[in-house]
Structure formats: C-alpha cells, structure tokens
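Reviewing the structure listed below.
The values are calculated or read from the model by the stated rules, or taken from the named source; none is laboratory data. Model, not experiment: these values are computed from the prediction. Cβ coordinates were reconstructed from backbone atoms using ideal geometry, including for glycine residues, and neighbour counts include every protein chain displayed.
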Amino acid sequence: MNVHHLELFYYVARHEGISNAVRNIPYGIQQPAVSAQISALEEDLDTTLFHRRPFKLTDSGRKLYAFVEPLFSNLDKVADDLRCGASQRVRVGASHIILRDHMPAIMEAVREKHPDLRVSLQPGHQPSLEAALLGHEIDVAITMLEKDSPPGIEAHALLEIPLVLVARRSSAIRSAEELFQSKKPTEPLICLPPDEPVTKNFRAGLADLGVDWHTSMEVNSFDIAEQLAAKGFGVALGVDSPAYRRMPGVRFLPLPGFASLKIGVLWQGELDGMLKAFVGGIKSHVAELRQTLAGETA
C-alpha cells in the first residue's frame with residue numbers, strides 16, 4: 001500500500017469526508033487529488049473504504065482506520081520525543097475575532113519567556129474546536145462560548161464582549177433605539193452568517209424587542225462588514241472588542257440589553273509545559289484588557 005494514500009485516508013476517515021479532510025490536511029492539496037488517490041487506494045485493495053453521501057466507513061474502512069490511526073495521530077508526539085525535550089509547540093484553535101485582535105499579543109508575551117515557542121493556528125467556533133480538542137488535533141482553544149462543554153474538556157471563562165451596530169459617521173443615525181422605533185428598520189443590515197454566535201445573539205435581542213430586520217448583505221468577517229458600513233452600504237453588526245482599533249469614518253451604536261459574546265479558553269487534561277505557559281499568557285492578556293477597560297470607564 002502507498003503510505004501517502006494511507007495518510008490521506010486517515011484524514012478523510014477522521015474528518016468524515018474528503019472536503020473536510022482537505023481543510024485539515026496540514027499541507028496544500030486539492031480535493032480532486034485526494035479523491036483520485038483514495039480511489040487508487042481502494043482499487044489497490046479491491047474494496048470500498050467508505051460511502052460518500054452520507055459519509056460512513058465500511059467494514060474494510062473501519063479495519064484500515066483502526067490500523068493507521070495510532071501511527072498518524074501520534075506523529076507529532078513522536079517528533080517531540082525525538083527532539084529530546086518537552087514540546088515547544090502549541091496547536092491553537094480560535095475564532096476569527098481572537099485571531100485578529102488578540103492572538104498576536106498573546107504569542108508575543110509568551111515568547112518573551114519561551115523564545116522557542118512554535119504556534120500553529122486553526123480557525124473555528126466552539127463546536128468544531130471542541131471536536132478538534134477531543135480528536136487531539138489542537139491543544140487549546142479560545143472561542144466564543146455558546147453552551148456548556150462536553151465531558152473531558154475544561155472550560156475557563158475569560159471575557160464578555162458587547163455587541164454594537166456600526167454606522168457611517170456621517171449618517172443621521174445616532175442610536176440603535178432610534179433604528180428600532182419603527183420595528184422594521186429600512187436601513188440595509190450587513191451581518192455575519194446566521195450560524196455565527198454574534199448573529200444568534202443579535203437575532204435573539206431583536207426578537208425580544210419585537211423588531212423585524214432582515215439581513216441585506218451577508219459577509220464572513222467583522223472587517224468586511226465595517227468597511228462596507230464606512231462606505232455607506234448600510235448598518236453593520238459588530239462587537240466592541242477592547243483590543244480592536246475601529247476604522248476611521250464609522251460610529252459604534254451600543255446595543256443595551258443584547259447578550260454579549262462570552263469568550264473562554266478550552267483544553268483537555270492537566271496543564272503542563274508549554275501549554276501551561278500559553279494558557280497563562282492568555283489569562284495575563286485578559287487581565288491587562290480588564291485593567292485597560294477599568295481605566296477607560298473610571
């Protein structure tokens with residue numbers, strides 16, 4: 001059997017599908033190439049390893065995965081052991097807002113005491129990051145907490161970030177209350193996808209107020225939403241993150257009564273070595289943010 005084909009099968013089986021595997025394979029490879037090499041493996045073995053839609057391993061696929069999983073899932077651990085020392089690498093999963101506004105400062109602070117620190121980053125939200133933790137694909141996650149974590153995952157709350165609306169500075173709109181008076185705002189709404197935690201919280205707040213406001217433009221990041229608002233394409237949903245430098249030409253409109261985004265750090269097992277230092281760096285960064293916020297509101 002071709003060992004590279006076995007590696008690709010490992011990722012397909014672990015992530016339950018070829019498209020999901022392509023997003024998690026730690027090197028560049030396109031979906032058609034994975035499909036072709038998996039087909040070659042099945043042809044070589046003269047068996048079907050999994051059903052495509054919906055994804056399900058066959059009996060042969062389960063036997064092969066049980067054989068290859070211990071090898072490929074432990075490669076990083078073996079590499080660290082062969083380096084004759086504790087691992088200096090931390091695999092971090094984080095939501096977009098954390099990667100954008102906080103991760104550089106956290107990494108810089110930890111690296112001052114641990115110059116050999118190596119970090120790999122994986123974007124995602126709580127459900128996918130919890131699955132990655134349980135699958136030993138990441139060591140720690142920093143994300144928005146939507147629900148209680150499953151057994152086996154430690155969760156530590158860090159910070160709450162309020163929701164805001166973002167309007168063009170030259171706009172006549174001065175407050176969210178002003179927008180909501182009619183119960184059906186006519187301004188175009190720029191919003192993240194409906195499954196994003198920030199959008200869920202916003203929709204719940206609108207429902208409590210009896211406000212009917214449909215999304216006019218869906219985007220995949222706060223940055224894009226704010227840029228569009230600055231150019232007058234509508235009012236954007238955003239967050240008032242303490243480390244974020246707001247774009248010139250916009251005004252933040254607070255949303256009192258709307259649920260904030262709760263940020264937390266997740267991990268498995270005992271904290272030790274570089275992972276303990278990294279989680280400590282996260283908590284120190286948040287403590288500094290709290291001091292900054294306290295100074296601004298004093």
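Step by step: first the residues of the range 194-251, then only those that are of a type in the set (Lys, Arg) and more than 26 Å from the chain's Cα centre (by Cα), then the one that is nearest to Thr143 (Cα to Cα). Which residue is that? Reasoning before the result, please.
Initially, the range 194-251 is screened for residues of a type in the set (Lys, Arg), giving 200, 203, 231, 245-246, 251.
From what is left, the residues that are more than 26 Å from the chain's Cα centre (by Cα) are 231, 251.
Values: Lys231: 30, Arg251: 26 Å.
Once the filter is applied, the top-ranked residue is Arg251.
Met274 satisfies every condition listed in (1) in the same structural domain as Arg111 (by TED's automatic domain parsing); (2) in a helix (DSSP H, G or I); (3) free of Cβ contacts under 8 Å to residues at least 12 places away in the same chain except (3).
Quick test for you: out of Leu133, Leu121, pick the one residue that is closer than 18 Å to Phe278 by Cα and surrounded by fewer than 17 Cβ atoms within 10 Å (Cβ to Cβ).
Numbers: Leu133 fails: surrounded by fewer than 17 Cβ atoms within 10 Å (Cβ to Cβ).
Of the residues listed, the single one that is closer than 18 Å to Phe278 by Cα and surrounded by fewer than 17 Cβ atoms within 10 Å (Cβ to Cβ) is Leu121.
Taking the range 247-264 as the range and being touching a Leu at 6+ places or on another chain (Cβ under 9 Å) and at pLDDT below 90 as the test, the residues that pass are Leu261, Lys262, Ile263, Gly264.
Picking from residues in the range 27-44 that are touching a residue at least 24 places away in the same chain (Cβ under 8 Å) and of a type outside the set (A, V, I, L, M), the one that is surrounded by the fewest Cβ atoms within 10 Å (Cβ to Cβ) is Asp44.
For Val286, the criteria (1) within 26 Å of Arg118 (Cα to Cα); (2) assigned to a loop (DSSP other than H, G, I, E, B) hold in every case but one, which is (2).
A single entry from Ala167, Ala131 fulfils the requirement of being in a helix (DSSP H, G or I) and either touching a residue at least 12 places away in the same chain (Cβ under 8 Å) or within 21 Å of the chain's Cα centre (by Cα) (or both): Ala131. Checking each residue in the range 110-149 for being touching a helix residue (DSSP H, G or I) at 6+ places or on another chain (Cβ under 6 Å) and among the acidic types (Asp, Glu) picks out Asp139, Glu146.
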